[in-house]
Amino acid sequence: MTARVLLVEDDALISSSLSRAVRARGYHVRTAGTVADALAGIADTAPDLVILDLGLPDGDGEDVCALLAREHPRVPVIVLTARGEEADVVLGLEMGAVDYVVKPFRLAELLARIGSHLRFVEAADRPSGGGALTVVGDVTVDRASRRVLVADRELSLRPKEFDVLERLARDAGRVVTREQLIDDVWDENWWGSTKTLDVHIHMVRRKLGEEPGGPSRITTIRGVGYRFDAEPRRGPGDER
């Protein structure tokens with residue numbers, strides 16, 4: 001089935017040229033120029049991916065992102081905006097986006113990112129074979145259903161948050177380098193800032209119920225990567 005992309009952008013020139021380029025890649029594109037149009041489009045037919053401008057005439061794209069996080073948590077959102085400060089990037093990722101692209105942008109790079117995120121969605125939807133469960137302490141990761149349980153509590157994870165946790169749990173007790181995580185969870189040709197990984201680690205810790213600066217199941221190994229342990233701990237390499 002052709003992937004459905006919702007492009008939320010109020011700049012007519014950007015919307016027109018980008019929608020043509022995305023359609024040329026074989027995707028079905030629906031455009032919206034306001035928050036209201038975007039919300040109506042999502043209610044009509046849930047997209048497979050959203051490209052989202054934040055500064056819209058009738059509000060902020062954060063409202064669209066919040067709806068998707070609440071009602072369609074597996075739909076990847078790529079924020080496309082002129083807001084390029086680090087605080088804006090972190091906020092965009094924390095509100096549920098999987099990617100953040102600052103204008104002006106390189107079209108070929110954006111198209112590659114769209115393709116990468118859609119491939120991950122497609123792979124996640126494929127039936128999983130044996131060995132779909134990983135249990136580390138009180139954390140159970142079910143790859144087949146993409147569910148994570150801590151004791152009897154199910155976590156509400158965005159797609160990339162699940163992928164980060166699943167990748168770390170798969171090698172529990174061993175260090176997974178930052179490069180391995182980025183290659184496996186995003187793409188081996190990832191162009192984005194490594195801050196994206198840091199934000200997702202922060203969000204996973206928070207959803208595991210861990211307080212900033214407190215013991216965590218995810219230990220930062222300074223300059224190397226992360227290790228997932230069965231019990232929350234604070235090690236010498238931790239940077240929280």
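The values are calculated or read from the model by the stated rules, or taken from the named source; none is laboratory data. Because the structure is predicted, anything quoted here is derived from the model rather than measured. We place every Cβ from the backbone using ideal geometry, glycine too, and count neighbours over all the protein chains shown. Only protein heavy atoms, including side chains, enter the accessible area calculation; ligands, DNA and RNA are left aside. Shrake-Rupley method; radii C 1.70, N 1.55, O 1.52, S 1.80 Å.
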Treat every Asp and Glu Cβ in segment 22-164 as -1 and every Lys and Arg Cβ as +1, leave all other atoms uncharged, and give the resulting dipole magnitude about the Cα centre to the nearest 20 debye. 660
Summed side-chain charge close to Val98 - residues other than Val98 whose Cβ falls under 11 Å, Lys, Arg +1, Asp, Glu -1: +1
A chain fully extended from Arg206 to Val150 at 0.36 nm per residue, minus the present Cα-Cα distance, gains in nm 18.9 nm
Positive-end residue, the chain charge dipole about Cα centroid, Cβ charges, pick of Trp186, Ser17, Ala40: Trp186
Descending accessible area (1.4 Å probe), largest on the left, turns Thr2, Thr134 into Thr2, Thr134
Rounded to whole Hz, the Karplus (6.51, -1.76, 1.60) HN-Hα couplings of segment 205-216, x for glycine and proline: 4, 4, 6, 6, x, 9, 7, x, x, x, x, 9
Testing the spin-label approximation: label points 7 Å from Cα along Cα→Cβ at Asp11 and Asp184. State their distance in nm. 3.7
Sites matching trypsin sites (Lys or Arg not before Pro) across segment 23-118 that sit in DSSP coil, with at most 14 neighbouring C-beta atoms within 10 Å: Arg25, Arg106
Surface accessible to a 1.4 Å probe, per residue, for the residues of segment 21-163, Å²: 46
Round to a whole number: what % of the accessible area of the chain belongs to carbon and sulfur, probe 1.4 Å? 50
Once you keep just the Cα pairs under 8 angstrom separated by 6 or more residues, what percentage relative contact order results for the chain? 13
